[in-house]
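Worksheet: the structure to be examined is printed underneath.
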Amino acid sequence: MDFGLAGQRAAVAAASQGLGFACANALAAEGARVAICGRTQERIAKAAAEIDPAAVPLVADVSDPEAARRFVAEARDALGGLDILVTNAGGPPPGTFATTPYDAYPKAIALNLLSVVAMCQEAVPGMQAQRFGRVVAITSIAVRQPIPTLILSNTARAGATGFLKSLAREVAGDGVTVNSVQPGMHDTERLRGLHDGDLSDLAAHIPAGVIGRPEDFGAFVAFLCSQAARFITGAAIPVDGGAYAALL
């Protein structure tokens, strides 16, 4: 299926590895021109070279919302405009209510909520002006089904979901779609870090019987950016192999 992404200009945040890298790689494979960011020049340059010789590597730490905003502005300048924004950020440290101090919450909210707001504020007005745009936010299945040991992520990403739903309804008439994708367990560096590198027992908790592949997640995000997905907006979609058990 041709997603109609050839020549589209895409900014993908936190894409030196994991799901961000997979999304940028999928978009580039469909013919989009991509700009990506990461925290270090060496790592993001290496990732860009693996994605596409023309991919634009930019250094930005999206835990700082203003740096996240600058990433979008620099990506737009480098690409000559922006059609697609994929917001993404690593997760905050694990913890529970009992083990997480109050001063950890503002940092988590900056990382997983305010960075999304800042990137959208920088990207969406231009999309509205050109009457076309795609925003896809990578959040977490924890928005629907909180993960007991990730209270910071549960809290901040739920806030981001509320913001994205509100934004989607405001800009739908301008040809801009806004969706979030809620990954379950995928074989990424973060998941391996949370489980000391051992994922052997996790597949037993997933109806599909396997851990997700980042490239499959990236392909789904590319679809949401396509012409075929133009009537999908305001959605928060689990991509988790069936792990989320509730009806809604």
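The values are calculated or read from the model by the stated rules, or taken from the named source; none is laboratory data. A quick note: this is a predicted structure, and the numbers were derived from the prediction, not measured. Cβ placement follows ideal geometry from the backbone for every residue including glycine, while neighbour counts extend to all protein chains displayed.
Could you check Pro148 against (1) closer than 20 Å to Tyr244 by Cα; (2) assigned to a helix (DSSP H, G or I) and say which number it fails?
Result: Pro148 fails condition (2) only.
Of these, Ala172, Ala156, which one is in contact with a Pro (Cβ under 8 Å, 6 or more places away or on another chain) and either aromatic (Phe, Trp, Tyr) or assigned to a helix (DSSP H, G or I) (or both)? Walk me through it before giving the result.
Values: Ala172 fails: in contact with a Pro (Cβ under 8 Å, 6 or more places away or on another chain).
That would be Ala156, the only listed residue that is in contact with a Pro (Cβ under 8 Å, 6 or more places away or on another chain) and either aromatic (Phe, Trp, Tyr) or assigned to a helix (DSSP H, G or I) (or both).
Condition first: modelled with pLDDT under 95 and not in a strand (DSSP E or B). Can you find one or more residues in the stretch 75-90 that meet it? Spell out the reasoning first.
Narrowing the stretch 75-90 to residues modelled with pLDDT under 95: 90.
Cutting the leftovers down to not in a strand (DSSP E or B) gives us 90.
Yes, some residue in the stretch 75-90 is modelled with pLDDT under 95 and not in a strand (DSSP E or B).
So which of Ser115, Ser63 ends up being hydroxyl-bearing (Ser, Thr, Tyr), within 16 Å of the chain's Cα centre (by Cα), surrounded by fewer than 21 Cβ atoms within 10 Å (Cβ to Cβ) and modelled with pLDDT of 95 or more? Explain how you work it out, then say what you get.
Working: Ser115 fails: surrounded by fewer than 21 Cβ atoms within 10 Å (Cβ to Cβ).
Sole residue among the options that is hydroxyl-bearing (Ser, Thr, Tyr), within 16 Å of the chain's Cα centre (by Cα), surrounded by fewer than 21 Cβ atoms within 10 Å (Cβ to Cβ) and modelled with pLDDT of 95 or more: Ser63.
Any residue that is touching a residue at least 40 places away in the same chain (Cβ under 8 Å), more than 20 Å from Phe217 (Cα to Cα) and in a helix (DSSP H, G or I) - is there at least one of those in the stretch 44-65?
Checked the stretch 44-65: at least one residue is touching a residue at least 40 places away in the same chain (Cβ under 8 Å), more than 20 Å from Phe217 (Cα to Cα) and in a helix (DSSP H, G or I).
Among the listed residues Val171, Val136, which satisfies the condition of being within 18 Å of Ala235 (Cα to Cα) and buried (at least 24 other Cβ atoms within 10 Å of the Cβ)? Step through it out loud before you land on a result.
Numbers: Val171 fails: buried (at least 24 other Cβ atoms within 10 Å of the Cβ).
Checking each option against the conditions leaves just Val136.
Based on this model, can you work out whether Ile151 counts as hydrophobic (A, V, I, L, M, F, W, C), touching a residue at least 60 places away in the same chain (Cβ under 8 Å) and either farther than 26 Å from Ala10 by Cα or touching a strand residue (DSSP E or B) at 6+ places or on another chain (Cβ under 7 Å) (or both)? Reasoning before the result, please.
Numbers: hydrophobic (A, V, I, L, M, F, W, C): yes; touching a residue at least 60 places away in the same chain (Cβ under 8 Å): no; either farther than 26 Å from Ala10 by Cα or touching a strand residue (DSSP E or B) at 6+ places or on another chain (Cβ under 7 Å) (or both): yes.
Spelling it out, it is not the case that Ile151 is hydrophobic (A, V, I, L, M, F, W, C), touching a residue at least 60 places away in the same chain (Cβ under 8 Å) and either farther than 26 Å from Ala10 by Cα or touching a strand residue (DSSP E or B) at 6+ places or on another chain (Cβ under 7 Å) (or both).
Counting only residues that are among the small types (Gly, Ala, Ser) and at pLDDT 95 or above, how many does the stretch 197-227 have? First the steps, then the outcome.
Looking only at the stretch 197-227, we keep the residues that are among the small types (Gly, Ala, Ser), and these are 197, 200, 203-204, 208-209, 212, 218-219, 222, 226.
From what's left, at pLDDT 95 or above: 218-219, 222, 226.
Residues that pass the stated criteria total 4.
Name the residue, out of Gly90, Gly81, that is among the small types (Gly, Ala, Ser) and at positive phi. Spell out how you get there, then give the answer.
Values: Gly90 fails: at positive phi.
Result: Gly81 is the single residue among Gly90, Gly81 that is among the small types (Gly, Ala, Ser) and at positive phi.
Do you know which residues across the stretch 122-142 are within 12 Å of Val86 (Cβ to Cβ) and in a loop (DSSP other than H, G, I, E, B)?
Once the filter is applied, which keeps residues that are within 12 Å of Val86 (Cβ to Cβ) and in a loop (DSSP other than H, G, I, E, B), the stretch 122-142 yields only Thr139.
Across the stretch 167-194, which residue is nearest to Lys107 (Cα to Cα) among those that are at pLDDT 95 or above and either among the acidic types (Asp, Glu) or out of contact with any strand residue (DSSP E or B) (no Cβ under 9 Å at 6 or more places or on another chain) (or both)?
Going through the qualifying residues, I end up with Glu170.
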